[in-house]
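*Asks:* Pasting in a structure now, in structure tokens, and then I'll have a few things to ask.
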Amino acid sequence: MADADDPILLDNCAISACVSAEGWKALVARYKLETVETVAIEEATGYQHRQTFDRDEFRSQVLIHKVSEQDRLSKGIEHADLGVLDNGERDLWIHALGRTDGWILCGPDIASIRFGVRAGHGDRLISLESLFDAIGFKPRKRLPEHQTAKWLKTKVDEFSLELQFEKIQKSSK
């Protein structure tokens, strides 16, 4: 479970779902929300037809980090799987991988979750539903399935088993 002191790294899908559920103000009031410039641009432009809100308001409420081309290159060499992520998710993970604090990532994309598990950070993933539950916020409408704790746990378990199976296959050759 996320602690109030843990920075919550958000991807565009989580931001949009939070706004749609009318939970943005509750999240901002309780957590230190952070993202990367690429995600902030996606949010401002309505990337993939997602809901947006005032650019200046968003930037005043969320700490936004820049990811350099050098960071992309060095992390890309270490983690080839970054190449399957969209640009926002890729930069969010590059930023996360360079941190040493207790960050938590909220991003329900399957490729992102798979990457997180493979990179050894499945325990740092959290659903929007869990963030809401921790602060007692009840969305007015039901969250999409991929924003729920049950769905995330299922995916983390599935990708953890997939990774273990691959390790067993490699060691038996």
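*Asks:* Would you pick out the residues in the stretch 107-155 that are out of contact with any Asp or Glu (no Cβ under 6 Å at 6 or more places or on another chain), within 18 Å of residue 12 (Cα to Cα) and aliphatic (A, V, I, L, M)?
*Replies:* Scanning the stretch 107-155 gives 110, 111, 113, 125, 126, 128, 131, 152.
*Asks:* Tell me which residues, restricted to the stretch 48-67, are at pLDDT 90 or above, surrounded by 13 or more Cβ atoms within 10 Å (Cβ to Cβ) and in a loop (DSSP other than H, G, I, E, B).
*Replies:* Passing the criteria: 62, 67.
*Asks:* Let me ask another. Given the criterion among the aromatic types (Phe, Trp, Tyr) and within 25 Å of residue 166 (Cβ to Cβ), identify the matching residue among 115, 58.
*Replies:* It is 115.
*Asks:* Is it the case, given these coordinates, that residue 15 is modelled with pLDDT of 90 or more, β-branched (Val, Ile, Thr) and over 13 Å from residue 63 (Cα atoms)?
*Replies:* So residue 15 fits the description; yes.
*Asks:* Of the residues 124, 142, 114, which is more than 25 Å from residue 82 (Cα to Cα) and of a type outside the set (Phe, Trp, Tyr)?
*Replies:* Residue meeting the stated conditions: 142.
For every residue, the table says whether it meets (1) aliphatic (A, V, I, L, M); (2) more than 29 Å from residue 23 (Cα to Cα); (3) outside any helix (DSSP H, G or I); (4) touching a Leu at 6+ places or on another chain (Cβ under 8 Å).
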position: 75; (1), (2), (3), (4): no, yes, no, yes
position: 89; (1), (2), (3), (4): no, no, no, no
position: 92; (1), (2), (3), (4): yes, no, no, yes
position: 99; (1), (2), (3), (4): no, no, yes, no
position: 112; (1), (2), (3), (4): no, no, no, yes
position: 116; (1), (2), (3), (4): no, no, no, yes
position: 150; (1), (2), (3), (4): no, no, no, no
position: 155; (1), (2), (3), (4): no, no, no, no
position: 164; (1), (2), (3), (4): no, yes, no, no
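*Asks:* Mind checking which residues of the stretch 119-136 are part of a loop (DSSP other than H, G, I, E, B) and surrounded by fewer than 20 Cβ atoms within 10 Å (Cβ to Cβ)?
*Replies:* 119, 120, 121, 136
*Asks:* Of 153, 141, which residue is free of Cβ contacts under 8 Å to residues at least 60 places away in the same chain and either among the basic types (Lys, Arg) or exposed (fewer than 12 other Cβ atoms within 10 Å of the Cβ) (or both)?
*Replies:* On inspection, the qualifying residue turns out to be 153.
*Asks:* Would you confirm, using the coordinates I've provided, whether residue 143 is part of a helix (DSSP H, G or I) and out of contact with any Lys or Arg (no Cβ under 7 Å at 6 or more places or on another chain)?
*Replies:* No, not satisfied.
The values are calculated or read from the model by the stated rules, or taken from the named source; none is laboratory data. Quick caveat: nothing in here was measured; it's all calculated off a predicted structure. Using ideal geometry, Cβ is built from the backbone for each residue, glycine included, and neighbour counts are taken over all protein chains shown.
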